[in-house]
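> Structure in structure tokens, see below.
Where a number appears in this text, it was derived from the coordinates with a stated rule and is not lab data. As the structure is a prediction and not an experimental result, all values here were calculated from the model. Methodologically, a virtual Cβ is constructed for each residue, glycine included, from the backbone with ideal geometry; neighbour enumeration extends over all protein chains shown.
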2 protein chains.
Amino acid sequence: MSTAASAASSRDLPHPERADIRLEAVLHALSDPMRLQIVRELAADGGELSCSRIDLPVTKSTSTHHFRVLREAGVVRQCYRGTAKMNGLRREDLDDLFPGLLDSLLAAAARQTVRLGG
Amino acid sequence: MSTAASAASSRDLPHPERADIRLEAVLHALSDPMRLQIVRELAADGGELSCSRIDLPVTKSTSTHHFRVLREAGVVRQCYRGTAKMNGLRREDLDDLFPGLLDSLLAAAARQTVRLGG
């Protein structure tokens, strides 16, 4: 992708700078099963996914809300590509601020899914 | 302490069984700065502390609320000893369910405190 295009589309939606990301906000963002599911799918993919590619059992407006909470906490980066809103995990930012935390959280979520047979 | 006395006083307050502890609830419990502070102090102490030993810049009723959220999420165990309500981190339960997560969270919180000069 073109860096200029990415920067331009990224400006459409407010994101916290890396230095403004707070642990409490990240944990709040991940304290919801739907948002945890989004983060797990983005982590598994490793790239960017459109909102519509992540199938959640909620209405579109609720889904939009969950993505916004994740974006405002600094967990995901969102940008428009044409009519699609694309989402990517801010792994580099999170790993820099909180080394090992994201992987621990993903492992804990995976383990819980197995435990609960989900 | 006597095991019988501990069991009796522990029954006064509802706690989730280990198998009923949910990652989302744990993350919600830790998504508040005051509750994160409580958990850090309990982890640093390694034993039990009375509510009054943990000095938070909030009213007593707010403090009581924060301890209750932590207890109901399965993060702390609370019991009465005479007139004191004692609190201990449920490290064994959390480490069993989510290996490494608590230490990652504590490290992330410590790192953020240093970063923000708090």
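> What length, rounded to one decimal in nm, is gained on full extension from B:Arg115 through to B:Arg22, with 0.36 nm per residue of separation minus their alpha-carbon distance? It would help to have the intermediate numbers written out before the result.
Details: separation 93, 0.36 × 93 = 33.48 nm, distance 2.96 nm.
Here the answer is 30.5 nm.
> Using only Cα atoms, locate the centre of the range A:66-118 and the centre of the range B:78-107, then give the distance between them in Å, rounded to an integer.
Comparing the Cα centres of the range A:66-118 and the range B:78-107, I get a distance of 26 Å.
> With a point put 7 Å past each Cα toward its Cβ, work out how far B:Val58 is from A:Lys60 in nm, to one decimal.
For B:Val58 paired with A:Lys60, the spin-label model returns 3.9 nm.
> Then there's this: Specify the angular offset, from 0 to 90 degrees and rounded to the nearest 10, of the alpha carbon long axis of helix B:33-45 from the longest principal axis of the alpha carbons in chain B.
70 degrees
> To continue, here is another question. Suppose we keep just the alpha-carbon trace of the range B:30-118; what are its Rg and Dmax in angstrom?
12.9, 40
> Taking the Cα centre of the range A:10-108 as the origin, how large is its charge dipole in debye, to the nearest 20, when only Lys and Arg (+1) and Asp and Glu (-1) carry charge on their Cβ atoms?
Details: 14 positive and 15 negative charges, 82 e Å.
Roughly 400 debye for the range A:10-108.
> Rounded to whole Hz and in sequence order, give me ³J(HN,Hα) for the range A:18-31 from the Karplus expression 6.51 cos²θ - 1.76 cosθ + 1.60, θ = phi - 60°, writing x for Gly and Pro.
Couplings: 3, 5, 9, 6, 10, 3, 4, 5, 4, 5, 4, 4, 8, 8 Hz.
> In whole angstrom, note down how far apart the Cα centers of the range A:34-49 and the range B:13-40 are.
The two parts, judged by their Cα centres, are 24 Å apart.
> Related question: List B:His65, A:His66, B:His28 from most exposed to least, where exposure is judged by having the fewest other Cβ atoms within 10 Å.
Numbers: B:His65 15, A:His66 22, B:His28 19.
Going from least to most buried by this count: B:His65, B:His28, A:His66.
> Treating the point 7 Å from Cα along Cα-beta-carbon as the label, what are the nm separations from B:Arg115 to the other copies, to one decimal?
2.7
> Going by alpha carbons, how many degrees (0 to 90, nearest 10) lie between the helix axis of B:101-116 and the longest principal axis of chain B?
Tilt relative to chain B: about 50 degrees.
> Restricting to DSSP H runs of at least four residues, report the calculated mean residue ellipticity at 222 nm for chain A, -39500 (n - 2.57) per run over all residues, nearest 500 deg cm²/dmol. Kindly include the intermediate steps, with their values, before the conclusion.
Values: 6 runs with 65 residues, N = 118.
So the helix-based figure for chain A works out to -16500 deg cm²/dmol.
> If I take R0 = 35 Å and measure r between the Cβ atoms of B:Asp12 and B:Asp95 in this structure, what FRET efficiency does the formula 1/(1 + (r/R0)^6) give, to the nearest 0.05?
Values: r = 25 Å, r/R0 = 0.73.
Between B:Asp12 and B:Asp95 the formula returns 0.85.
> So which lysines pass the test for A:Lys85, namely a Cα distance under 21 Å, with those fewer than 8 places away in the same chain ruled out?
Straight-distance partners of A:Lys85: A:Lys60.
> At 7 Å along Cα-to-Cβ for each site, give me the label-to-label distance between B:Glu41 and A:Arg81 in nm.
Result for the modelled spin labels: 4.9 nm.
> Still on this structure: Just the ratio, please: alpha-carbon radius of gyration of the protein assembly as shown over 2.2 N^0.38 Å, N its number of residues.
On the way: Rg = 19.6 Å, N = 236, 2.2 N^0.38 = 17.5 Å.
My calculation over the Cα atoms of the protein assembly as shown gives 1.12.
> Using only Cα atoms, tell me the angle between helix A:60-73 and the longest principal axis of chain A; keep it within 0 to 90° and round to the nearest 10.
Approximately 90 degrees, to the nearest ten.
> Rank B:Gly47, B:Phe67, B:Leu105 by how far each Cα sits towards the positive end of the charge dipole of the protein assembly as shown (+1 on Lys, Arg Cβ; -1 on Asp, Glu Cβ) and give me just the farthest.
In the protein assembly as shown, that residue is B:Phe67.
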